[in-house]
Amino acid sequence: DIDNVMSKLQNINSQTLIIVFGLGTGEHIKSILHSLKFQNKILIIEPCAEVIKKFLKLNYSKYILQDKRIYLIYFQEDIKFLISNFINEINVYNLSIIIFPNYDRVFIRQYRKFVKCLKEIRNSVIVNLSTALKLSQRFFSSLVKNISYIPQSIAVNKLKKIYRDMPAIVVSSGPSLEKNMDQLKELQKYFIIISGLRNLKAL
């Protein structure tokens with residue numbers, strides 16, 4: 001079993017995130033740590049609390065958990081949020097997923113949810129990355145065009161704490177805006193009015 005686990009780590013590099021579904025006795029984690037050439041992060045997801053409790057009683061558990069490369073997560077409802085903290089634009093195409101033998105059969109429900117969460121997180125990161133790459137030229141062009149206006153503008157940090165404890169109204173576009181324009185005019189002394197460019201002219 002450990003040999004099968006190790007065979008999946010032959011083509012990793014320094015940026016690879018290693019995700020292990022199943023802690024077991026931790027013997028396979030020991031082997032991974034010994035063989036790693038890089039300081040890769042190793043995220044271990046364990047769906048059974050009893051397994052973690054028994055693992056903590058083993059002599060070598062401290063050696064494993066004290067290693068800065070190791071992150072152990074107990075499988076719970078917010079597992080998607082926890083995993084999403086490890087997957088980013090740098091490693092989204094560089095993941096090594098290891099399923100400890102029989103964990104996908106013993107913990108069927110958790111395994112299916114783990115796979116589903118993993119797919120959703122990867123898709124989300126890839127979409128965000130693609131969007132950023134697609135718009136990067138436009139962002140840069142916009143920045144260059146606005147350079148001449150920067151000295152005349154007011155830095156947003158100068159507004160910090162000026163309106164502290166003052167309530168705010170966020171104005172969005174729609175038919176209700178015209179109806180409430182007079183009320184906004186009366187309330188502007190007591191509220192900060194925040195608006196996007198689309199409504200700025202009307203306001």
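The values are calculated or read from the model by the stated rules, or taken from the named source; none is laboratory data. If you're wondering where the values come from, they're calculated on a predicted model, not measured in any experiment. As a convention, Cβ positions derive from the backbone with ideal geometry for all residues, glycine included, and neighbour counts pool all protein chains shown. Each accessible area value is taken on the protein alone, full model and side chains, heavy atoms only, with ligands, DNA and RNA left out. Shrake-Rupley method; radii C 1.70, N 1.55, O 1.52, S 1.80 Å.
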Selection over segment 179-202 where residues are under 33 Å from the mean Cα position of the chain (by Cα), of a type in the set (A, V, I, L, M) and surrounded by 13 or more Cβ atoms within 10 Å (Cβ to Cβ) yields a count of 2
Inspect all residues belonging to segment 158-177 and state whether any of them is touching a Cys at 6+ places or on another chain (Cβ under 8 Å) and open to solvent by less than 90 Å² (accessible area, probe 1.4 Å).
no
Under 9 Å between Cβ atoms, at least 6 apart or on separate chains: pull out the pairs that start in segment 92-112 with a residue that is more than 24 Å from S124 (Cβ to Cβ) and end on any residue that is open to solvent by 40 Å² or more (accessible area, probe 1.4 Å).
F100/D1; P101/D1; P101/N4; N102/D1; Y103/Y111; R105/Y111
Name every residue in segment 122-174 that is within 30 Å of I19 (Cα to Cα) and of a type outside the set (S, T, Y), in order of residue number.
R122, N123, V125, I126, V127, N128, L129, A132, L133, K134
Search result, residues across segment 57-109 that are among the basic types (K, R) and more than 22 Å from S130 (Cα to Cα):
K57, K62, K68, R69, R105, R109
I'd like to know if segment 6-23 contains one or more residues that are among the polar types (S, T, N, Q), part of a helix (DSSP H, G or I), without any contact (Cβ under 8 Å) to a residue 24 or more places away in the chain and over 16 Å from D104 (Cα atoms).
yes
Helices (runs of 4 or more DSSP H) wholly inside segment 34-124 containing at least 1 residues that are under 17 Å from the mean Cα position of the chain (by Cα), modelled with pLDDT of 95 or more and under 25 Å from I12 (Cα atoms):
79-84
